[in-house]
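This report concerns only the one structure given below.
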Amino acid sequence: MLYFIEQCLNGVQLGMLLFLLAAGLTLIFGIMDLVNLAHGSLYMIGAYFAATFADLTHSFVLGAVLGLAATLVVGMAVEVIAMRRLYGRDHLDHVLGTFGLILFFNELVRLVWGPAGMTLPLPSQLLTAVQVLPGVYYPLYRLVIIVTTLLVALLLYVVVMRTRIGMLIRAGASNREMVGALGVNIKLLYTLVFGLGAALAGFAGLMQAPILTVQIGMGENILILAFVVIIIGGIGSVRGALVASIFVGLVDTIGRAFLPDLLRLFMSTNAASTVGPAVSSMLIYLLMALILVFRPEGLFPAARR
Amino acid sequence: MSAVLNARHVVVAALLTILALLPLYTALTGNYFLLTLFTRIVILGMAATSLNLILGYGGMVSFGHAAYLGIGGYVVGILAKEGITSGFVQWPLALAISGLFALVIGALCLRTRGVYFIMITLAFSQMIYYVASSLAQYGGDDGLTINRRSQFIEPINLSNKTTFYYVCLIILVATIYLVWRLVNSRFGMVIQGARANDRRMRAIGFPTFRYRLVCFVIAGTLCGLSGVLIANHTDFVSPAMMHWTRSGDLIVMVVLGGMASSFGPLIGAVTLLLLEEVLSGVTEYWQIILGPLLLLVVLFARGGIDGLLEQAAAWRPVKVADPSAGLGHG
C-alpha cells in the first residue's frame, strides 16, 4: 500500500512534467496552428543551460532561473528566424521543418557541450525525504516539482484568462487578421507565445534534469508522451492537457510498477516477466487508441473556429 | 504531344541505368562499398515509395512508417532465431503481419485528421519501438543478429551481394510500377480525390474511409517488405530501425524527392543518403548542415527535386518556340 502511494505520487510528478510540455505544445498549436516537433529540443536546451549555469554560479536556483531565461531567449530567436516563416503552411511543412531543427539542435548541443551527458546536482536541502503520510516518506525534490508545476499551471491560467496579454493571445487564436487590424502587433504576440511555450518546455527539462541525466535527445521520448497527452486531452485545450497529463502520468507509472505482478496472478512467472514490460510500455498507447475510438477529437476538444 | 526528352526523363533514365550497371562497376573494381551503400539506398527508396502512396497521393501524413520496417525485419529475425530460415515462410508472414498491423492501426488512425493523424501514427510506431525494446529473449534494446539470410531455391542466393542487390532492385522497380498502376487506376483516383476534398467524395457516394484504409494497408505491407530486405541486408534487427527519426527520414526522402511523383521518393532516397555520406565525410557534425537544409527545402523548394525538374521541363519548350505548341490548348 505504501508502495502504491509512492507510485501514485511518482505518476503525478511525471504527469506534471508532461503538462509543462503539453501546455506549451497545445498553446502553440491552438494559437499559431503550428506543429512543433522541436519542442523536445527546447526541453533539452533548458536542461543543458540550467546545468551549465548551475555549474558556473554554484547555485541550483540561480542556474535554474538563468537557464529558464536563456531558453526563453532561444525560443524567441527560433521563432523569429525559422518558425515565423512556417505559419499558415501545411502541417507536413511544420513536421519537416521542425524535424530539421531537431537534427540541428541535437548536433549543436553535441558540438557545444560534447557527447557526454551532464548532471545537475541538487542542493543538499532538497535531497531529503519528507513524511507525506504516517509512515510514507517521499523525496522532497519530487514534491517540489509537483508543487512548482501546479503553481506554474495556476500562473498560466491567470495569465491567459485574467490579463490583458492573455486576452490578446486568446483573441489572436480566434481571429488573427481582426486582432492585427485593431492595431495589435500580432507578430510580436506570436513571438511571445512561442517564447512562453519554449520557457515551459525548458522549465520541464531543468526540473527533470536532477532526476535523470542531461543528455542529447532527452526531450524526444517525453515529447512523444506529450503528444499522447494532447491527443487524449484535445489539441488546443490547456485544461485537457492538465487532466490528460496527470492521467497519462499515473497510468504509465502505475502500469509499469504493478502490471507485471498483476499478470503473474494468471500467468507463469516466466511468461509474466516477458509479457509484463511489453504490455506496460504499450498500455498508454492502447489507452489512447481506446479514447480515440469514442472521442476522435480528444476528451476536451477545443472550440471549432 | 511529342515525347520531348525533358530533364526529368533524363535524370530518371540516368539513375536507373546507374542502378542497373552498378554491380558491373563493383565486379570490375572489386570495391564493394558502393554496392553496399546502394543496396541500402534501393531498399529505403522502396520504403519511401510505399510512404509516398499514402503521403503524396493520399495526403495521409504518417509519421510512423518506420514501424513497418521494424515489423518486417523482426519477423525475419525472430523466425531465423527460431530456426525457420525459408524465405517462402518468412517473407509472406512478414507481409501478412505488416499488413495486419497497418489494418489495425489504420482503422484507428484514419478516424482522425490532420495533426492528430501525424501524432497518433507517431505514437503507435513508438509503441512498437518499445515493444521491440522489451523483447528480452530477442535481444531487447541491443537487437538481434541474423545468422542466416532468407533461403530460397537455388539460383537465388541472398548471401551473394550482387544477387541480393538485383533482388532488391527488381523489387524496387516492381513497387514503383505497382504504385504507378495503383494511383492511375480508379482506386487511385478515389484516393487522390479524398485527399483533395474528402467531404465531396463522400457526398458523391464513395466510402472514402474504406479506400483510404486499403491504401494504408497496401503501403504498410510494401514497407514491411523493405523491412524484410533491410534485415537481410544488415543481418541484424534492432529497435533502432523503427526509431521515430527513421520515420522522419522516410518523410524527408519523399518530400525531398517530390511528393506524388513515381520516381520522386527514389530520387529523394538517393539524394538524402548520398548527402549523408558526403557531409559525414566533411564533418563529424554533419547534421548541423542537414537540419537547416531541410528547413530551406520546406521553405523554398516545396515540390522537391522532382518539382524542380518539372519546372526545368516546362521551361524548355518555350525556348524551342514550336509554333504549333499553342494549338493544342483551347
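Some notes on this structure:
- For chain B, adding -39500 (n - 2.57) for each run of n ≥ 4 DSSP H residues and dividing by the number of residues yields -24000 deg cm²/dmol at 222 nm.
- Prolate/oblate/rounded call for the range A:184-298, Cα gyration tensor, a/c under 1.5 rounded: oblate
- Note on the protein assembly as shown: with charges restricted to the Cβ of Lys and Arg (+1) and Asp and Glu (-1), its dipole about the Cα centre is near 1720 debye.
- Additional length obtainable on full extension of the chain from A:MET1 to A:VAL61, 0.36 nm per residue less Cα span: 18.1 nm
- Neighbour-limited loop hits for chymotrypsin sites (Phe, Trp or Tyr not before Pro), the range A:243-305 (at most 13 other Cβ within 10 Å; DSSP other than H, G, I, E, B): A:PHE266
- Full extension of the chain between B:ALA196 and B:TYR25 gives 57.1 nm of extra length, using 0.36 nm per residue less the Cα-Cα distance.
- Free of any GluC sites (Glu not before Pro) that DSSP assigns to a loop and that have at most 14 other C-beta atoms within 10 Å, the longest stretch within chain B is B:83-283.
- Its relative contact order, with pairs defined as Cα atoms under 8 Å and 6+ residues apart, puts the range B:58-140 at 43 percent.
- The range A:82-126 and the range B:1-75: distance between their alpha carbon centers, rounded to Å: 30 Å
- Axial C-alpha extent at least 30 Å, average Kyte-Doolittle at least 0.5 - helices from chain A (DSSP): A:2-32, A:60-81, A:91-113, A:140-162, A:186-208, A:238-264, A:269-294
- Remark on A:ALA129: its backbone amide H falls under 5 Å from those of A:LEU140, a criterion applied only to residues 5 or more positions apart or on other chains, H modelled at 1.01 Å from N.
- Cα-derived Rg over Rh, computed across the range B:7-314 with Rh taken as Kirkwood radius: 0.96
- Report note on the peptides A:203-214, A:84-95: ranked by the mean count of other C-beta atoms within 10 Å, highest first, their order is A:203-214, A:84-95.
- Shielding by partners for peptide B:106-119, expressed as the average number of C-beta atoms from other protein chains within 10 Å of each residue's C-beta, is 5.
- The magnitude of the dipole of the range A:11-216, with charges of +1 and -1 set on the Cβ of Lys/Arg and Asp/Glu and taken from the Cα centre, is near 360 debye.
- Peptide B:231-243 has a mean of 0 when you count, residue by residue, the C-beta atoms of other protein chains within 10 Å of its C-beta.
- Exercise: per-residue mean of other protein chain Cβ atoms within 10 Å, A:226-232: 4
- Relative packing of peptides B:227-234, A:232-239, A:156-163 - highest average C-beta neighbours within 10 Å first: B:227-234, A:232-239, A:156-163
- In this calculation the C-beta distance from B:ARG186 to A:ARG295 is compared with R0 = 35 Å, giving a FRET efficiency of 0.55.
- At R0 = 56 Å, FRET efficiency that the Cβ-Cβ distance of A:LEU150 and B:ILE204 yields, to 0.05: 0.60
None of the figures in this text is laboratory data; all of them are computed from the coordinates on show. In this text, all values refer to a predicted model and were calculated from it rather than measured experimentally. When we count neighbours, we look across all protein chains shown, and the Cβ atoms used for this are built from the backbone with ideal geometry, even at glycine.
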